[in-house]
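The values are calculated or read from the model by the stated rules, or taken from the named source; none is laboratory data. Owing to the predicted nature of the structure, the values given are computational and were not obtained by experimental measurement. Here the Cβ positions follow ideal geometry from the backbone for every residue, glycine too, while neighbour counts run over all protein chains shown. Keep in mind that these areas ignore ligands, DNA and RNA; they rest on the heavy atoms of the full protein, side chains included. Shrake-Rupley method; radii C 1.70, N 1.55, O 1.52, S 1.80 Å.
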Amino acid sequence: MDHLFFTPPRMKARPSPVLEAGHRFSVETARERLAVWSWGDGPTVILLHGWGGRSDQLAGFVPPLLEAGFSVVAPDAPAHGDSTGSKSSVLGFAAALDAVAARVGPVDAFVGHSAGAAAGALAMHRGLHIRRAVFVSPVAALTDIVTRFAWQMGIPPWTADAMRRRAESRLGVPMSSLDVTTLARHATAPLLVFHDPTDADVPWHDAAAITQAWPGARLVDTPGLGHNRILRDPQVVSQAVSFLADGR
């Protein structure tokens, strides 16, 4: 059963004029070939989708970021979108982010959604320099994800505990070491967080816990926008871009 925990659903591709206008290229990692899109010139912002998502979900950020003078890079994570692979994890997301950053040069800013935000926190903790970051509907703790996954699948608690132990063996690290609230304690990049208090996929208290743990972070509540529609909200996009452009 634990193998399902590492198997993301494949979101179907949708027509995206923004992606079609970008430059598509590939980045090789140790295991996969990542599909990546880029636009514009200027300080680089990387956009990273969440679990089961794909890069076109964040397409609404691209035109405003270009207008603000940034260049934009958006990869599909391993086993997501047009990238290769069938299994993934937050560690895989973070490794993909590192590989893309090494390819495109210095990264000025970052926007991460859900598990993509957690991967961004992990990459920054491990040394990826990012001046400013925006987390949208972020996941705070993998252990909580296992609990929610087990509940959704009807798995009893004792089986969920065994599944967590096998997952940790596969990851090679305790899940608690990947908690964003732990990684946040020594963070230095200013952070802006958006989350819907009624998000049905990732609870609002994840964002609240991250904001409390991350020095100087600020949380903006977005009632009624849900877990994914929040990415297309003009006010969220506008506030995010203004925050990333501030202090440049």
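Key figures
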| quantity | calculated |
| --- | --- |
| Computed label-point distance, nm, for sites Glu20 and Thr84 using a 7 Å Cα→Cβ extension | 2.8 nm |
| Prolate/oblate/rounded label for region 138-248 (Cα gyration tensor, a/c 1.5) | oblate |
| Protein accessible area in the chain, 1.4 Å probe - carbon and sulfur % | 54 percent |
| Computed lengthening from Ala208 to Arg166, 0.36 nm per intervening residue step minus Cα-Cα distance | 12.2 nm |
| Selected from Ala209, Ala115, Ala35 as most flexible by GNM, with the chain as the system and alpha-carbon contacts under 10 Å | Ala209 |
| Rounded to whole Å, sorted largest first: equivalent-ellipsoid semi-axes of the chain, Cα gyration tensor | 27, 20, 17 |
| Debye-sum result for region 81-219 in log10 I(q)/I(0), which assumes one identical scatterer on each alpha carbon, at q = 0.13, 0.18, 0.19 Å⁻¹ | -0.57, -1.06, -1.16 |
| Nearest-20 debye value, region 12-66 charge dipole, Cβ charges on Lys, Arg, Asp, Glu | 240 debye |
| Helix-only mean residue ellipticity at 222 nm for the chain, each DSSP H run of n ≥ 4 adding -39500 (n - 2.57), per residue, nearest 500 | -11000 deg cm²/dmol |
| Cα centre as origin, Lys/Arg/Asp/Glu Cβ charges: the chain dipole, Debye | 420 debye |
| Solvent exposure of the chain as accessible area per residue, Å², 1.4 Å probe | 44 Å² |
